[in-house]
Every structure is written in structure tokens, then in C-alpha cells.
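Chemist: Pasting a structure here, questions to come.
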Amino acid sequence: MLRALGLSHAVVRHGRVTSLEEAAALRGVRPADIIKTLVVRRAEDDYLFVLVPGDREISWPKLRAHLGVNRLSMPSAQVALGVTGYERGTITPFGSTHAWPVIADASVPGRTISLGAGAHGVSATLFADDALAALRAVVADVTDPVTPRTDRG
């Protein structure tokens, strides 16, 4: 799909990984430059893709406010597969079985990014602005920095 759109990119095949840091090292990018494609359910048969940098997470209040809705949810892995054609961990808006709207966090533009490429352990590295233009993505502040988790015994 990237080739068909004329987007300059590099495909990296590295196999399955166990952490964001490992994926970044194998892809030759910073963890923040790995962009997760998350599928969000807005309503029945109404989904969207949210592009989230590796060091950030969706801010549900910000995303709901941006969309003007009171409720959003993450679909099950089976539903996500059904509405995108991709398994969780491989989802990309490029080549999805349905061209759902794309929202990219405001921190995404202006840099080189690495996106999943439709299979486990395969990614595409390209300039964010080119990807966002091809996807007709809306750019908005919809994430917060990842909150460190602590184990409470």
C-alpha cells in the first residue's frame, strides 16, 4: 500500500519482540518514534484509528472532547481483526479492510516514524508528514505521557 501511494519508506523485518525498547533498537529509532495504531470504537460499526507514539498513551478525556462524544471503547482483538483485517500488534491504517478515519497525536508530525506493517515483526519507517497526508489524518492533542506503573504488593 505504501508503494502504491508513492510514499518513500523502508521495511524492517525483525521478528517478534518483547518490549518497546527492543523494537526501537531493532528498527533503529527511538521508542517515541514507534507509532502504535490503536482501533477505537465510537459507535456500532463506527471505528477510527488513533496514532499514538510509543512513549505516550491515549488520553480518553482529550479524545472524547476532540470527537465530541461521551463514550469510546477499545474493541476486542477479534472485532479489531474483523474491522481492519489485521491482528492486534500488526494493525496499520495502510491497507486496512476499511478506511476508518485517522487521528494522529499532535506530537507525531515533523519526524521519521516507524509503524506496524501488517504482520508481526514487520514495520515501515517513513516521514510522518507524508504518512499523515496520505491518510488524511486529523492531528490533535489526544495523548499524555505514559504513566510509570508501580507494583503494589
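Chemist: Could you say whether any residue in the stretch 138-149 is β-branched (Val, Ile, Thr), more than 14 Å from the chain's Cα centre (by Cα) and more than 15 Å from Val52 (Cβ to Cβ)?
Modeler: As a first pass, look at the stretch 138-149 and keep what is β-branched (Val, Ile, Thr): 138-139, 142-143, 146-147.
Filter again for more than 14 Å from the chain's Cα centre (by Cα), leaving 146-147.
Then drop every residue that is not more than 15 Å from Val52 (Cβ to Cβ), which leaves none.
There is no residue in the stretch 138-149 that is β-branched (Val, Ile, Thr), more than 14 Å from the chain's Cα centre (by Cα) and more than 15 Å from Val52 (Cβ to Cβ).
Chemist: Something else about it: From Ala104, Ala124, grab the single residue that is closer than 19 Å to Ala23 by Cα and not basic (Lys, Arg). Step through it out loud before you land on a result.
Modeler: Values: Ala104 fails: closer than 19 Å to Ala23 by Cα.
Every option except Ala124 fails the conditions.
Chemist: Let me ask something additional. Please name all residue pairs, on different chains or six or more residues apart, with Cβ atoms under 6 Å, provided the first residue is in the stretch 123-144 and is under 10 Å from Thr112 (Cβ atoms) and touching a residue at least 12 places away in the same chain (Cβ under 8 Å) and the second residue is in a strand (DSSP E or B) and not hydrophobic (A, V, I, L, M, F, W, C).
Modeler: What qualifies is Thr125/Ser114; Leu126/His9; Phe127/Thr112.
Chemist: If you check Ala43, Ala23, Ala32, Ala4, which single one turns out to be out of contact with any Leu (no Cβ under 6 Å at 6 or more places or on another chain), farther than 18 Å from Pro93 by Cβ and surrounded by fewer than 15 Cβ atoms within 10 Å (Cβ to Cβ)?
Modeler: On the way: Ala23 fails: surrounded by fewer than 15 Cβ atoms within 10 Å (Cβ to Cβ); Ala32 fails: surrounded by fewer than 15 Cβ atoms within 10 Å (Cβ to Cβ); Ala4 fails: farther than 18 Å from Pro93 by Cβ.
Going through Ala43, Ala23, Ala32, Ala4 in turn, the sole match is Ala43.
Chemist: A further question on this structure: Quick one: count up the residues across the stretch 1-58 that are within 17 Å of Thr125 (Cβ to Cβ) and among the hydroxyl-bearing types (Ser, Thr, Tyr).
Modeler: Number satisfying all stated conditions: 2.
Every number in this text was worked out from the coordinates using simple rules, so none of it is lab data. Since the model is a prediction, treat every value here as computed from it, not as a measurement. So basically every Cβ, Gly included, is an ideal-geometry build from the backbone, and we count neighbours across all protein chains shown.
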